[in-house]
Amino acid sequence: MKNTALSSTHEALGAKMVPFAGYNMPVQYDGVNIEHEAVRKDCGVFDVSHMGEFLVEGEHALDLLQKVCSNDASKLKVGKAQYTCLPNDDGGVVDDLLIYKLKEDQYLLVVNASNIEKDWNWIASKNDVGATLRDLSEDYSLLAIQGPNAVEKMQPLTNHDLSAIKFYNFEVGVFAGVDDVIISATGYTGSGGFEIYCKNTEVKQIWDKVTEAGAKPTGLAARDTLRLEMGYCLYGNDISDTTSPIEAGLGWITKFTKEFTNSEALKAEKERGPKRKLIAFELDERGIPRHDYEIVDADGKAIGIVTSGTMSPSLGKGIGLGYVPTELATTGTKIYIQIRKKAIPATIVKPPFYKA
């Protein structure tokens with residue numbers, strides 16, 4: 001089990017620690033609902049240093065990214081970030097990730113913790129263009145400072161005008177007394193805020209100053225309820241090696257303006273329409289949908305599977321994501337979630353579940 005540079009800090013704060021993607025991570029401190037509400041209404045900070053970071057650089061860096069990524073990285077300018085995925089050869093997804101353009105011919109890729117080795121091997125296997133790859137995952141930490149009051153509370157920690165950093169843009173500079181920090185207006189909660197990239201040796205100083213400035217320590221459990229209220233996909237649940245970006249609703253990051261891994265097959269799938277789609281649903285009665293619960297029709301016939309589910313702290317009802325046949329994936333359609341021996345009625349809705 002690996003530790004982040006802050007694992008002992010979380011333990012000292014009384015966090016409940018759990019194994020996650022090979023790391024010892026804080027799942028909660030004061031309770032999921034309390035931490036969830038702090039992010040929705042104020043400001044919370046997550047240690048997500050288990051995420052992986054790769055540097056792709058050199059004159060052929062863009063060529064490699066265009067080849068392995070579904071989105072069009074040529075649209076990136078220095079100071080901008082992009083959400084994308086790595087399609088595999090069989091119609092599925094190796095991983096979803098963020099790309100940051102740090103300089104001309106230099107990009108930072110941020111990948112999911114559970115996929116670091118898989119992603120590295122995949123990208124390296126496709127690198128016949130001579131791009132330079134470096135795995136920085138063991139040396140860098142990542143804090144997500146999220147919530148509507150993040151700008152106001154974090155502004156005293158930097159000379160950069162945080163309110164001027166637009167969504168999916170970033171600055172590099174001094175933050176909390178540390179030089180060369182990436183301050184990125186990105187996140188996984190839907191409540192605004194920033195993601196801070198720094199060296200492992202610097203993260204304790206930043207964490208201390210961020211929490212002193214009023215950000216509440218927040219665990220991975222609240223991170224999951226927050227992302228699910230927005231309908232954001234989680235790799236391993238809602239997208240995987242066997243789900244295509246088209247059926248997962250990620251057509252908007254799948255650009256056929258260039259060739260990339262399996263692009264012809266994905267283009268054909270988009271044109272004819274996928275056989276199934278990822279849908280969002282709300283339970284009409286009390287209950288909590290969970291990963292792998294069956295989705296059934298009014299006659300009890302299995303029509304799909306729940307990929308993510310929880311009790312929404314903001315809405316006070318059960319919500320989830322799952323795959324059903326395309327012909328049934330219409331907003332307003334009634335479906336049923338098999339929870340133990342009872343089929344609980346639910347309604348397909350348009351995400352996000354939570355609207356600020």
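Annotations
- Relative contact order (%) - criterion: Cα under 8 Å, at least six apart; region: the range 137-242: 28
- Shape class of the range 49-152 from the alpha-carbon gyration tensor: prolate, with a/c at 1.5 or above and a/b greater than b/c.
- Approximate spin-label separation GLN155-ALA298, in nm, with each point projected 7 Å along Cα-to-Cβ: 5.5
- Springs join every pair of Cα atoms under 10 Å in this Gaussian network model of the chain, and among LEU13, LEU108, LEU97 the largest mean-square fluctuation is at LEU13.
- Largest first and in whole Å, the equivalent-ellipsoid semi-axes of the range 275-349 read 17, 13, 11, each the square root of five times a Cα gyration tensor eigenvalue.
- Filtered trypsin sites (Lys or Arg not before Pro), the range 314-356: DSSP coil and at most 11 other beta carbons within 10 Å: ARG340, LYS341, LYS355
- Extension gain, LYS80 to VAL349: 0.36 nm times the residue separation minus the Cα-Cα distance gives 93.7 nm.
- For the range 164-183 versus the range 99-139, the spacing of their alpha-carbon centroids is 21 Å.
- Positive-end residue, the chain charge dipole about Cα centroid, Cβ charges, pick of GLY249, LEU55, ILE182: GLY249
- Within the range 108-199, trypsin sites (Lys or Arg not before Pro) in DSSP loop having at most 12 other beta-carbon neighbours inside 10 Å: LYS166
- Size of electric dipole in the chain: Cβ of Lys, Arg +1 and of Asp, Glu -1, about Cα centre, debye, nearest 20: 1140
- Projecting label points 7 angstrom from Cα along Cα→Cβ for LYS118 and THR330 puts them 3.5 nm apart.
- The chain, relative contact order in percent, only Cα pairs under 8 angstrom and at least six apart counted: 17
- Taking the charge dipole of the chain about its Cα centre, with +1 at Lys and Arg Cβ atoms and -1 at Asp and Glu Cβ atoms, the residue from ASN121, THR307, LEU328 reaching farthest to the positive side is LEU328.
- Size check on the range 1-104: the Cα extents along the three principal axes, sorted descending, read 47, 31, 27 Å.
- Residue separation of TYR168 and GLU259 scaled by 0.36 nm, minus their Cα-Cα distance, works out to 30.3 nm of gained length.
- Structure-based [θ]222 nm, the chain - -39500 (n - 2.57) summed over DSSP H runs of at least 4, per residue, nearest 500: -5500 deg cm²/dmol
- Applying 1/(1 + (r/R0)^6) with R0 = 30 Å to the Cβ-Cβ distance of SER125 and ILE305 gives a FRET efficiency near 0.45.
- With each label modelled as a point 7 angstrom along the Cα→C-beta vector, the GLU138-LYS341 pair spans 5.4 nm.
- Longest DSSP-loop-exposure-free segment, GluC sites (Glu not before Pro), the chain, at most 12 other Cβ within 10 Å: 139-258
Read-outs throughout are calculated quantities, based only on the coordinates presented, and are distinct from any laboratory measurement. In this text the structure is predicted, and so the values were computed from the model without any measurement. In this analysis, Cβ positions are derived from the backbone assuming ideal geometry, glycine residues included, and neighbour counts consider all displayed protein chains.
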